[in-house]
1. Quick check, is I83 surrounded by 14 or more Cβ atoms within 10 Å (Cβ to Cβ), among the aliphatic types (A, V, I, L, M) and near ligand 2 (Cβ under 10 Å from one of its atoms)?
2. Take the range 16-36 and flag every residue that is without any contact (Cβ under 8 Å) to a residue 24 or more places away in the chain, farther than 20 Å from G46 by Cα and surrounded by 13 or more Cβ atoms within 10 Å (Cβ to Cβ).
3. Please indicate, with yes or no, whether at least one residue in the range 145-152 is closer than 19 Å to C37 by Cα, outside the structural domain of E67 (by TED's automatic domain parsing) and either surrounded by fewer than 19 Cβ atoms within 10 Å (Cβ to Cβ) or away from ligand 2 (no atom under 16 Å from the Cβ) (or both).
4. Where in the range 59-175 are the strands (runs of 3 or more DSSP E), entirely inside, with at least 1 residues that are farther than 25 Å from V188 by Cα and among the hydroxyl-bearing types (S, T, Y)?
5. Tell me which of these V116 doesn't satisfy, since it passes every other one: (1) crowded, with 19+ Cβ neighbours inside 10 Å; (2) within 15 Å of ligand 1 (Cβ to nearest atom).
6. Inside the range 132-173, can you point out the residues that are among the hydrophobic types (A, V, I, L, M, F, W, C) and within 16 Å of ligand 1 (Cβ to nearest atom)?
7. Taking the range 87-134 as the region of interest, how many residues are out of contact with any strand residue (DSSP E or B) (no Cβ under 7 Å at 6 or more places or on another chain) and among the hydrophobic types (A, V, I, L, M, F, W, C)?
8. I need a count of the residues in the range 45-58 that are assigned to a loop (DSSP other than H, G, I, E, B) and surrounded by 12 or more Cβ atoms within 10 Å (Cβ to Cβ).
Amino acid sequence: MKAAIHVGKERVEVREVSTPSLEKGECLVEVEACGICGSDRWWLSGDLTRDIQGHEISGTIAAVGEEVERWQVGDRVVVYAVIGCGECGPCKQGMDPYCLQGPKSVCGGFAEYTKVKERSLLPLDPSVDFVTGCLLTDNVGTPMRALARGKIPAGGVVAVWGLGPLGLVAVQGAKILGAGKVVALDPVPKRREVARSLGADIVLNPSSEDFENVVLRATGGYGVDLSLCTVRDDGVAEKAASIVRRNGWFVRRRIRDLRFWGLVLHEVGLCCKRGTCKKRAHQAWAYRHAHLPA
Ligand SMILES: [Zn+2]
Ligand SMILES: [Zn+2]
């Protein structure tokens with residue numbers, strides 16, 4: 001089969017390689033489409049070689065190995081890009097990224113065929129074409145999960161920083177998850193135009209427009225309920241964090257302050273608090289009356 005092989009820094013060559021042979025529990029997928037993720041580009045620009053890249057894969061099952069139970073030749077599938085041991089508690093709940101044995105990433109999509117474990121596969125509905133399908137697990141799944149990880153109150157205001165592929169999904173996803181208003185920010189006019197066409201209510205160029213005032217006006221002076229930053233630049237992230245209302249959510253994949261790296265790695269919610277509030281004080285009062293002697 002043909003495959004795009006990473007042969008060194010910024011160098012990929014299409015070469016003839018042998019088609020993978022299957023082991024127990026594996027399926028051979030004929031690749032129909034494979035997205036190019038930001039992480040593929042970082043990998044490509046580095047010195048490390050990981051043979052065949054590509055983890056946003058859709059395709060058709062071409063062969064099944066021994067003990068494969070759920071799939072047949074001809075099934076349309078997408079490949080979920082992270083796989084765990086399949087045995088531990090998180091894996092059994094379908095949360096492979098939290099595998100206690102250490103999750104592994106699946107790649108090999110820049111080739112005519114790739115082999116994957118049975119449990120890495122998800123069915124692709126016939127109504128969804130392969131190119132759209134290959135984007136579902138990562139390009140769509142990542143921003144949707146980031147938004148869901150924060151909390152969007154019904155009718156709330158969400159800001160999306162960076163309107164690349166992830167940000168444009170987030171604009172639509174925020175509405176799906178209940179946002180009443182989406183503010184989309186990016187210096188590139190074309191991207192802002194697309195965001196507008198996908199449902200963004202306010203589009204801004206954060207480099208040249210007074211985004212803070214616009215956001216304050218749009219939120220009654222409070223700031224947004226959730227600010228999602230898809231941009232790697234720490235300066236942009238600071239701006240993105242600056243417009244969140246009190247008790248709101250700032251969501252970003254990367255926080256480079258290494259003191260918090262452990263929390264980031266385990267997706268522990270980082271919550272800042274100052275003192276109590278009426279609701280919690282009332283709760284404590286009610287608890288005292290119910291449980292403690294006067
Ligand atoms: Zn990716
Ligand atoms: Zn596991």
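1. Yes: the conditions hold for I83.
2. none
3. Yes, because at least one residue in the range 145-152 is closer than 19 Å to C37 by Cα, outside the structural domain of E67 (by TED's automatic domain parsing) and either surrounded by fewer than 19 Cβ atoms within 10 Å (Cβ to Cβ) or away from ligand 2 (no atom under 16 Å from the Cβ) (or both).
4. The qualifying strands (runs of 3 or more DSSP E) are 113-117.
5. Tallying (1) crowded, with 19+ Cβ neighbours inside 10 Å; (2) within 15 Å of ligand 1 (Cβ to nearest atom), V116 fails exactly one: (2).
6. Those that are among the hydrophobic types (A, V, I, L, M, F, W, C) and within 16 Å of ligand 1 (Cβ to nearest atom): C134, L135, L136, V140, M144, A146, L166, L168, V169, A170.
7. Adding up the residues that qualify gives 6.
8. Of the residues in the range 45-58, 7 are assigned to a loop (DSSP other than H, G, I, E, B) and surrounded by 12 or more Cβ atoms within 10 Å (Cβ to Cβ).
The values are calculated or read from the model by the stated rules, or taken from the named source; none is laboratory data. Just so we're clear, the structure is a prediction, and the values are computed from it rather than from any experiment. As a convention, Cβ positions derive from the backbone with ideal geometry for all residues, glycine included, and neighbour counts pool all protein chains shown.
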